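Participant: I have a structure I would like to understand better, so I am pasting it below and will then ask my questions one at a time.
The values are calculated or read from the model by the stated rules, or taken from the named source; none is laboratory data. These numbers were taken from a predicted model, which means no experiment stands behind them. Note that we place each Cβ from the backbone using ideal geometry, even for glycine, and neighbour counts take in every protein chain shown. Protein only, heavy atoms only, side chains kept; ligands, DNA and RNA dropped before computing areas. Shrake-Rupley method; radii C 1.70, N 1.55, O 1.52, S 1.80 Å.
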Amino acid sequence: MTSLLLGGGGPQTVLGITEWFGAMQAQDLNSVLWSLGVRLPGRTQAEIVAGTERHDVVRTWPMRGTVHLIPSADAHWMLGLTGVRMFAGVEKRREILGLSEKDADRAVEILGAALAGGGRKTRSECVVAMNDGGVTVTGPLAYHLLWYASQRGVTAVAPNRGKEQTFVLLDEWAATRNTPSRDEALGILAHRYFRSHGPTTAKDFAGWTALTMGDARAGIAAAGLAEVEVDGVKMWADPAVLAAGPVRGWHALPGFDEYLLGFKDRAMMATPEMLKSIIPGGNGVFQSTLVQDGKVRAVWKRTLGKKAVSIVVSPLTDFTAKDWQRAEEALQPFGAFVGLPVTVAASR
């Protein structure tokens with residue numbers, strides 16, 4: 001699973017990293033920017049943001065009803081393969097919200113017209129456009145309708161303007177559009193997942209994509225993967241990654257990172273007791289982690305000041321003086337990423 005961390009020989013662009021993973025969880029923008037930054041050593045946050053403005057990657061809801069960063073050229077087929085599965089419960093959700101199908105579809109038409117011709121609007125501007133167009137949007141309706149428009153493949157989330165999301169037409173943002181057959185798409189998705197997350201199980205792949213087990217197995221069969229056994233469990237991996245071997249050393253990862261979020265079973269990275277600290281309360285909010293040789297050693301929190309980044313480390317295992325030294329070294333690149341010096345302290 002340490003292919004998730006990559007090494008010096010990995011992809012060297014924002015698109016390359018995104019394509020390597022297939023999709024990177026991205027509901028928290030700062031987290032996904034550092035997920036990219038930690039795998040593109042030496043790049044600043046501004047450089048990573050500029051990389052997301054090239055139109056070759058985009059954020060949308062391709063699977064599990066969660067925002068991911070994906071290659072723009074793959075957005076349409078991913079929405080059609082895995083994103084479409086999220087429509088199963090949409091009628092019940094609309095009933096709770098008091099929203100008719102007619103108004104939902106009308107809202108999508110309004111957004112499409114408002115963004116046509118290279119338009120780019122913030123979340124609040126999109127809400128104004130829908131209200132002005134005759135669909136009353138208040139409270140949770142805004143999120144649902146913005147999700148629905150993107151899930152339909154009409155809009156997508158572009159890089160922020162200030163601290164606010166912006167939306168664009170997917171067809172205009174994604175100048176290139178890949179069109180694999182369904183069987184080919186299953187194979188592509190399986191290959192990318194197991195290349196970046198493997199060795200792991202078919203169940204983890206099905207959980208990551210929200211595909212049926214039948215489709216998950218079909219994708220595995222088409223992906224040219226190697227079958228391996230880990231602790232008596234059948235798993236799959238990309239043969240090229242197996243040949244390269246694991247990535248060693250310390251890494252400071254954000255909370256919402258594929259390193260942990262890409263799996264149902266996280267036993268290879270952390271113990272159940274450690275997971276209680278990584279996901280306090282089991283509420284789906286993951287803490288940032290310090291990882292050594294693929295194993296979680298600590299969680300960390302950072303506070304950005306005007307002159308420095310203050311980082312507090314909470315070890316989840318016994319730390320030696322050498323461990324503290326390595327942990328501090330692993331955290332320094334984050335300071336360079338945001339352009340501030342780093343101070344590191346132990347939690348009290």
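Participant: Name every residue in the range 56-82 that is under 16 Å from GLY207 (Cβ atoms) and of a type outside the set (A, V, I, L, M), in order of residue number.
Facilitator: PRO62, ARG64, GLY65, THR66, HIS68, THR82
Participant: Which one of the conditions (1) surrounded by 23 or more Cβ atoms within 10 Å (Cβ to Cβ); (2) under 25 Å from ASP204 (Cα atoms); (3) touching a residue at least 24 places away in the same chain (Cβ under 8 Å) does ILE17 fail to meet, given that it meets all the rest?
Facilitator: Of the numbered conditions (1) surrounded by 23 or more Cβ atoms within 10 Å (Cβ to Cβ); (2) under 25 Å from ASP204 (Cα atoms); (3) touching a residue at least 24 places away in the same chain (Cβ under 8 Å), the odd one out for ILE17 is (3).
Participant: Just give me the residues in the range 237-256 being part of a strand (DSSP E or B) and over 20 Å from PRO41 (Cα atoms), in sequence order.
Facilitator: Residue satisfying the conditions is ALA237 alone.
Participant: Being open to solvent by 60 Å² or more (accessible area, probe 1.4 Å) and part of a helix (DSSP H, G or I) is the filter here; which residues of the range 112-129 pass it?
Facilitator: ALA113, ARG123, GLU125, VAL128
Participant: Just to be sure before I move on: is LYS276 farther than 23 Å from ARG248 by Cβ, modelled with pLDDT of 90 or more and not acidic (Asp, Glu) in the structure I sent?
Facilitator: So LYS276 fits the description; yes.
Participant: From the list GLU109, GLU101, exactly one residue is farther than 25 Å from GLU172 by Cβ, among the acidic types (Asp, Glu), more than 27 Å from the chain's Cα centre (by Cα) and open to solvent by 80 Å² or more (accessible area, probe 1.4 Å). Which is it?
Facilitator: Only one candidate qualifies: GLU101.
Participant: Separate question: I'd like to know if the range 298-306 contains one or more residues that are over 25 Å from ALA46 (Cα atoms) and in contact with a Leu (Cβ under 6 Å, 6 or more places away or on another chain).
Facilitator: Within the range 298-306, one or more residues are over 25 Å from ALA46 (Cα atoms) and in contact with a Leu (Cβ under 6 Å, 6 or more places away or on another chain).
Participant: Is it fair to say GLY98 is at pLDDT 95 or above and not charged (D, E, K, R)?
Facilitator: In short, no.
Participant: Turning to a different aspect of this structure: Take the range 268-290 and flag every residue that is within 22 Å of ASP323 (Cα to Cα), open to solvent by 10 Å² or more (accessible area, probe 1.4 Å) and touching a Leu at 6+ places or on another chain (Cβ under 9 Å).
Facilitator: Hits for the range 268-290 are THR271, GLU273, MET274, LEU275, SER277, SER288.
Participant: Continuing with this model, one more query. State which residue pairs qualify: first residue at pLDDT 95 or above and inside the range 281-306, second residue open to solvent by 20 Å² or more (accessible area, probe 1.4 Å) and part of a loop (DSSP other than H, G, I, E, B) in any location, beta carbons under 6 Å apart, and separation of 6 or more residues or different chains.
Facilitator: Listed pairs, sorted by first residue: ARG297/THR317; ALA298/LEU316; VAL299/GLN287.
Participant: Right, something else. So how many residues does the range 166-199 have that are modelled with pLDDT of 95 or more and polar (S, T, N, Q)?
Facilitator: Total satisfying the criteria: 4.
Participant: Have a look at THR176, THR200 and point out the one that is in contact (Cβ under 8 Å) with a residue 12 or more places away in the chain, closer than 24 Å to ALA23 by Cβ and open to solvent by 60 Å² or more (accessible area, probe 1.4 Å). Let's see the steps before the verdict.
Facilitator: Numbers: THR200 fails: open to solvent by 60 Å² or more (accessible area, probe 1.4 Å).
Selected residue: THR176, the only one of THR176, THR200 that is in contact (Cβ under 8 Å) with a residue 12 or more places away in the chain, closer than 24 Å to ALA23 by Cβ and open to solvent by 60 Å² or more (accessible area, probe 1.4 Å).
Participant: From the list ARG85, ARG59, ARG64, ARG43, which residue is touching a strand residue (DSSP E or B) at 6+ places or on another chain (Cβ under 6 Å) and in contact (Cβ under 8 Å) with a residue 60 or more places away in the chain?
Facilitator: Details: ARG85 fails: touching a strand residue (DSSP E or B) at 6+ places or on another chain (Cβ under 6 Å); ARG64 fails: touching a strand residue (DSSP E or B) at 6+ places or on another chain (Cβ under 6 Å); ARG43 fails: touching a strand residue (DSSP E or B) at 6+ places or on another chain (Cβ under 6 Å).
Only one candidate passes the filter, namely ARG59.
Participant: Here is a follow-up. Quick one: ALA221 ticks every box in (1) touching a Cys at 6+ places or on another chain (Cβ under 7 Å); (2) surrounded by fewer than 17 Cβ atoms within 10 Å (Cβ to Cβ) except a single one, so which number is it?
Facilitator: (1)
Participant: How about the range 191-211: which of its residues are part of a helix (DSSP H, G or I) and not hydrophobic (A, V, I, L, M, F, W, C)?
Facilitator: Hits for the range 191-211 are HIS191, ARG192, TYR193, ARG195, SER196, HIS197, LYS203, ASP204, GLY207, THR209.
Participant: For LYS234, indicate whether it is at pLDDT 85 or above, farther than 30 Å from VAL338 by Cβ and open to solvent by 30 Å² or more (accessible area, probe 1.4 Å).
Facilitator: yes
Participant: Right, here's the next one. Given ILE48, ILE70, which one is open to solvent by less than 50 Å² (accessible area, probe 1.4 Å), assigned to a strand (DSSP E or B) and among the aliphatic types (A, V, I, L, M)?
Facilitator: Selected residue: ILE70, the only one of ILE48, ILE70 that is open to solvent by less than 50 Å² (accessible area, probe 1.4 Å), assigned to a strand (DSSP E or B) and among the aliphatic types (A, V, I, L, M).
Participant: What's the total number of residues in the range 242-265 that are open to solvent by less than 50 Å² (accessible area, probe 1.4 Å), among the hydrophobic types (A, V, I, L, M, F, W, C), out of contact with any Phe, Trp or Tyr (no Cβ under 8 Å at 6 or more places or on another chain) and modelled with pLDDT under 90?
Facilitator: Going through the range 242-265 one residue at a time, the tally reaches 1.
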